[in-house]
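Worksheet: the structure to be examined is printed underneath.
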Amino acid sequence: MKAIVKTSAEPGAEICEVVDARITRPDQILVKVIAASICGTDYHVYSWDRWSAGRVKPPRIMGHEFAGEVVEIGSDVTGLAVGDYVSGESHWVCGHCRQCRMNDRHVCANTRILGVDVDGCFAPYVVVPEASAWKNSRSIPPHLACIQDPLGNAVHAALAGEIIGCSVAVLGCGPIGIFAVGVARACGASTIFATDTQDYRLDLARKLGSDYEINVLHHDLDKKIAEYTNGEGVDVILEMSGAASAIQQAMRICRPGGRVSLMGIPTHPVELEMAEDMIFKGLTINCIVGRKLYETWDTMRALLASGRLNVEPAITHRMHYTDFNRGMELMRDGRCGKVVFEF
Ligand SMILES: [Zn+2]
Ligand SMILES: [Zn+2]
């Protein structure tokens, strides 16, 4: 089969002929991939940033966000059958470490990531453990079913505290940010503010349901929020950018007693005015990583299947997977929502 492979420890990737994916353990399933989407992580691996260089061991088939059909099952698989329509949780967890046993599997000590630590789904077939597959509702089309891994991050972040009737600010409108806007809207947020440095992305946020889009290159966010909230601040901040300036702003624009959920990943240590902006304001801070296995997936299925959450506008590009270089260029320029590969 032909797969998108990170062939060497330098920027780029190639379409290569690789050995067909096949089941090697009794708990695995073989999935025929129908759709897969590009994640920021894939772009990091493609561009070979510091994190990738320290973690990925080429050659490695890339990709971790997919939807497809089960075409073969291992002898120990009991919950899935040939013909089932599945997506995958990209974090393969061990099931036996302390966190796994305490139902904190999203922070498993032995997490392996599809397409990073093991061969991924940018190929016509992928092998995954039954425990990492999620059976989809047939009502969700493949180009939407494949984006549930990042959508799950947004669901996890938005629902990490009260959301009904709350004002929400989403800082950073990459795909997970715009998903977070959609989830907040679907789950009963009152006013939703979206911020970014690119108008293209703010337009996507508007399509997903934000009320105010603020380009922080052209506007003073603190002033704008003070103006829109009568100086009270915002109830819930979902920080998706990882930019130091945005994390600092998150603490400032949050109302006293409010919540800041941090998901964006800073590349360097961030200095915070903790006394005035956080402690004396009694903020609740939570740190969001991955998805709760599998509570987040269950909530997401309900939101998608009910039609309350429409993420269609977030899928801005669809292309055959052999066009991946074009997809990666779109990711580099940031002029895209989700880029979906078809197989
Ligand atoms: Zn991803
Ligand atoms: Zn574990």
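Can you tell me how many residues in the range 38-55 are among the aromatic types (Phe, Trp, Tyr) and closer than 17 Å to residue 268 by Cα? Before the answer, list the steps.
If we filter the range 38-55 for residues that are among the aromatic types (Phe, Trp, Tyr), which is where we start, we get 43, 46, 48, 51.
Narrowing the set further to residues that are closer than 17 Å to residue 268 by Cα leaves 51.
Looking only at that region, the number is 1.
Take residue 329 and decide whether it is assigned to a helix (DSSP H, G or I) and not small (Gly, Ala, Ser). It would help to see each step written out before you state the result.
Details: assigned to a helix (DSSP H, G or I): yes; not small (Gly, Ala, Ser): yes.
Yes: the conditions hold for residue 329.
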Notebook entry, point to check: Which residues, taken from the range 244-289, are open to solvent by less than 40 Å² (accessible area, probe 1.4 Å), in contact (Cβ under 8 Å) with a residue 40 or more places away in the chain and part of a loop (DSSP other than H, G, I, E, B)?
Noted result: 263, 264, 288
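Among the residues of the range 291-321, write down those that are in contact (Cβ under 8 Å) with a residue 24 or more places away in the chain, among the hydrophobic types (A, V, I, L, M, F, W, C) and surrounded by fewer than 15 Cβ atoms within 10 Å (Cβ to Cβ). Before you say what the answer is, go through the steps one by one.
First, pick out the residues of the range 291-321 that are in contact (Cβ under 8 Å) with a residue 24 or more places away in the chain: 291-294, 296-297, 299-301, 303-305, 308-316, 318, 321.
With the extra rule that they be among the hydrophobic types (A, V, I, L, M, F, W, C), the set shrinks to 293, 297, 300, 303-305, 309, 311, 314-315.
Scanning the range 291-321 gives a single hit, 305.
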Check: With (1) open to solvent by 30 Å² or more (accessible area, probe 1.4 Å); (2) within 16 Å of the chain's Cα centre (by Cα) as the list, and residue 174 as the residue in question, which single condition is left unmet?
Finding: (1)
Check: Of all residues in the range 58-76 being within 16 Å of ligand 1 (Cβ to nearest atom) and among the charged types (D, E, K, R), which is farthest from the chain's Cα centre (by Cα)?
Finding: 60
Checklist line | Matching residues, the range 77-108, being farther than 17 Å from residue 21 by Cβ and under 20 Å from the mean Cα position of the chain (by Cα) | finding: 89, 91, 93, 104, 105, 106, 107, 108
Note to self: If I go through the range 17-57 residue by residue, how many of them are modelled with pLDDT under 95 and more than 25 Å from the chain's Cα centre (by Cα)?
What the structure shows: 0
Next item on the list: Could you please tell me which pairs satisfy a Cβ distance under 7 Å, a separation of 6+ or placement on different chains, a first residue in the range 134-159 that is in the same structural domain as residue 88 (by TED's automatic domain parsing) and open to solvent by 20 Å² or more (accessible area, probe 1.4 Å), and a second residue that is acidic (Asp, Glu) and at pLDDT below 95?
Entry: none
Item checked: Lone unmet requirement of (1) within 16 Å of ligand 2 (Cβ to nearest atom); (2) open to solvent by 60 Å² or more (accessible area, probe 1.4 Å); (3) in contact with a Gly (Cβ under 7 Å, 6 or more places away or on another chain) for residue 101 -> (3)
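Test of understanding: among 235, 203, which residue is among the charged types (D, E, K, R) and more than 20 Å from the chain's Cα centre (by Cα)?
On inspection, the qualifying residue turns out to be 235.
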Notebook entry, point to check: Going by the conditions given, is residue 225 surrounded by 21 or more Cβ atoms within 10 Å (Cβ to Cβ) and over 22 Å from the mean Cα position of the chain (by Cα)?
Noted result: yes
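Name the residue, out of 72, 65, that is touching a residue at least 12 places away in the same chain (Cβ under 8 Å), out of contact with any Leu (no Cβ under 7 Å at 6 or more places or on another chain) and surrounded by 15 or more Cβ atoms within 10 Å (Cβ to Cβ). Working first, answer last.
Numbers: 72 fails: out of contact with any Leu (no Cβ under 7 Å at 6 or more places or on another chain).
Exactly one of 72, 65 is touching a residue at least 12 places away in the same chain (Cβ under 8 Å), out of contact with any Leu (no Cβ under 7 Å at 6 or more places or on another chain) and surrounded by 15 or more Cβ atoms within 10 Å (Cβ to Cβ), namely 65.
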Checklist line | Failed item, numbered, when residue 179 is tested on (1) surrounded by fewer than 16 Cβ atoms within 10 Å (Cβ to Cβ); (2) touching a residue at least 60 places away in the same chain (Cβ under 8 Å); (3) part of a helix (DSSP H, G or I) | finding: (1)
Notebook entry, point to check: Applying the selection to the range 322-340, what residues are of a type in the set (Lys, Arg), farther than 24 Å from residue 135 by Cα and touching a residue at least 12 places away in the same chain (Cβ under 8 Å)?
Noted result: 332, 335
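The values are calculated or read from the model by the stated rules, or taken from the named source; none is laboratory data. Predicted model, so just to flag it, every value in this text is computed and none were measured. Here Cβ is always computed from backbone atoms with ideal geometry, including for glycine, and neighbour counts include all displayed protein chains. Keep in mind that these areas ignore ligands, DNA and RNA; they rest on the heavy atoms of the full protein, side chains included. Shrake-Rupley method; radii C 1.70, N 1.55, O 1.52, S 1.80 Å.
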